[in-house]
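Read the structure below first, then the notes.
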Amino acid sequence: GAKSEGVITGRELETLDAAMRQSLAVGQTVLVYVMDPEDRNGNIVLSLSRAKEEKDWRTAEALLASQEVYTGPIAGFNKGGLIVKIGNVRGFIPASQLSAARRRRSEGETPEQKWSRMVGETTQVKVIEVDRSRNRLILSERAAVKESREAQKDRLLSEIKVGEVRKGHVISLAEFGAFVDIGGADGLVHLSELSWKRVNHPNEILKVGQEVEVVVLNVDRERKRIGL
């Protein structure tokens, strides 16, 4: 809609992936970014890739504002954590923002040992920081998992019944008992309910990550607590 036509340079076209180049057709409407309103030849210089990047940054900003959960594959890793792309923009999940379940799987000394087997897996994240000037997009798997677990917990609390037997795994130990995840919510097995014999501390008979079978003793739906 300007006085002269906009131009996407041959150099930029060469940087686009083959599928995108082949998809371009006369008459097609495309989103472009104005790189230069007028070059020395009087042309408006445009960019397809920069427009796509701009769109991806705007998506990230919208996700930050709405706090909506984003689902995508793990695209890579570095020494500090995992990489998840929102479009073409690389988002970073620091190790401190990974879910507890993923941190438990990150065994090894080197980043390769810790993270490489997770590349390609699908994860859910929330955007917690966007700084375009520093090309910085920070994501949190922990925050997304927390929201998901809250929804799972509400559903489980509405369904679970006293007397049911459930399988779960130990997620933490305290002096007064063990917390067991029974598929979306965790319940407490009090020290006195761990064994028929005397137990001074749960670590005498249990370890974190161990699979156990438990019976539901009580459900407090108002306080969202489950006794196992």
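Table for the structure above
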| item | result |
| --- | --- |
| Counted residues, the range 122-141 - those being open to solvent by less than 20 Å² (accessible area, probe 1.4 Å) and either of a type in the set (Phe, Trp, Tyr) or without any contact (Cβ under 8 Å) to a residue 40 or more places away in the chain (or both) | 0 |
| Failed item in (1) open to solvent by less than 50 Å² (accessible area, probe 1.4 Å); (2) in contact with a strand residue (DSSP E or B) (Cβ under 9 Å, 6 or more places away or on another chain), with residue 42 passing the rest | (2) |
| Members of the range 10-38 that are open to solvent by less than 60 Å² (accessible area, probe 1.4 Å), part of a loop (DSSP other than H, G, I, E, B) and touching a strand residue (DSSP E or B) at 6+ places or on another chain (Cβ under 8 Å) | 32 |
| Answer residue from the range 177-228, given it is without any contact (Cβ under 8 Å) to a residue 12 or more places away in the chain and under 17 Å from residue 154 (Cα atoms) and is most open to solvent (accessible area, probe 1.4 Å) among those | 222 |
| Hits in the range 116-137 - residues which are outside any strand (DSSP E or B) and among the charged types (D, E, K, R) | 117, 121, 132, 134 |
| Cβ-Cβ under 6 Å pairs, at least 6 apart or on other chains, the range 142-165 side farther than 14 Å from residue 124 by Cα, far side open to solvent by 90 Å² or more (accessible area, probe 1.4 Å) | 157/221 |
| Unmet criterion (only one of (1) at pLDDT below 90; (2) open to solvent by 70 Å² or more (accessible area, probe 1.4 Å)) for residue 58 | (1) |
| Residues satisfying the stated conditions in the range 80-121, i.e. open to solvent by 40 Å² or more (accessible area, probe 1.4 Å) and under 16 Å from residue 140 (Cβ atoms) | 85, 90, 92, 96, 100, 101, 103 |
| Where a residue in the range 48-71 is farther than 11 Å from residue 88 by Cβ and in contact (Cβ under 8 Å) with a residue 24 or more places away in the chain and its partner, wherever it lies, is open to solvent by 70 Å² or more (accessible area, probe 1.4 Å) and among the acidic types (Asp, Glu), with Cβ under 8 Å and at least six apart | 69/147 |
| The range 142-176: number of residues that are open to solvent by less than 20 Å² (accessible area, probe 1.4 Å) and touching a Ser or Thr at 6+ places or on another chain (Cβ under 9 Å) | 1 |
| Residue 66 vs. criteria on the phi < 0 side of the Ramachandran plot, of a type in the set (Ser, Thr, Tyr) and touching a helix residue (DSSP H, G or I) at 6+ places or on another chain (Cβ under 7 Å) | no |
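The values are calculated or read from the model by the stated rules, or taken from the named source; none is laboratory data. Just so it is clear, the model here is predicted, and its values are computed rather than measured. All Cβ positions, glycine included, derive from the backbone under ideal geometry; neighbour counts span all protein chains shown. Keep in mind that these areas ignore ligands, DNA and RNA; they rest on the heavy atoms of the full protein, side chains included. Shrake-Rupley method; radii C 1.70, N 1.55, O 1.52, S 1.80 Å.
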